[in-house]
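Participant: Take a look at the following structure, please.
The values are calculated or read from the model by the stated rules, or taken from the named source; none is laboratory data. Values in this document were obtained by computation on a predicted structure and should not be read as measured data. Cβ: placed from backbone, ideal geometry, glycine included. Neighbour counts: every protein chain shown.
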């Protein structure tokens, strides 16, 4: 059905869903971001990823039973790309704020205030 190998995943939530892993513990729901399974959720052992790599009972079962297809598949891939671009932009803006803050510490606070106000308005905080 789905491709499960090499899933890049982000934990979306802990699950109180009654599904137990091979360790007999409640599972968590994880979202895969592979090309084949973008946005598809699956049950995983709570200890799926540890400090030393994969340290778990390796439990895996799909939460979403149907594969995304057609426009859904394309929309999920586009959304993933948009999110990556926005994260990169946010990191760039954070660097700019740190740089401006460093310069403003040496030359006054006016530049940092302007940058912070700009960022706040950009992200709808104002």
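Participant: Residues to consider are 94, 87; find the one that is more than 26 Å from residue 37 (Cβ to Cβ), at pLDDT 75 or above, in a helix (DSSP H, G or I) and not assigned by TED's automatic domain parsing to the domain that holds residue 40.
Facilitator: 94
Participant: Ok, one more. Under the condition of being at pLDDT below 75 and assigned to a loop (DSSP other than H, G, I, E, B), which residue from the stretch 31-65 is surrounded by the most Cβ atoms within 10 Å (Cβ to Cβ)?
Facilitator: Result: 48.
Participant: Which one of these is under 18 Å from the mean Cα position of the chain (by Cα) and loosely packed, with under 11 Cβ neighbours inside 10 Å: 91, 80?
Facilitator: Just a single option satisfies the conditions, and that option is 91.
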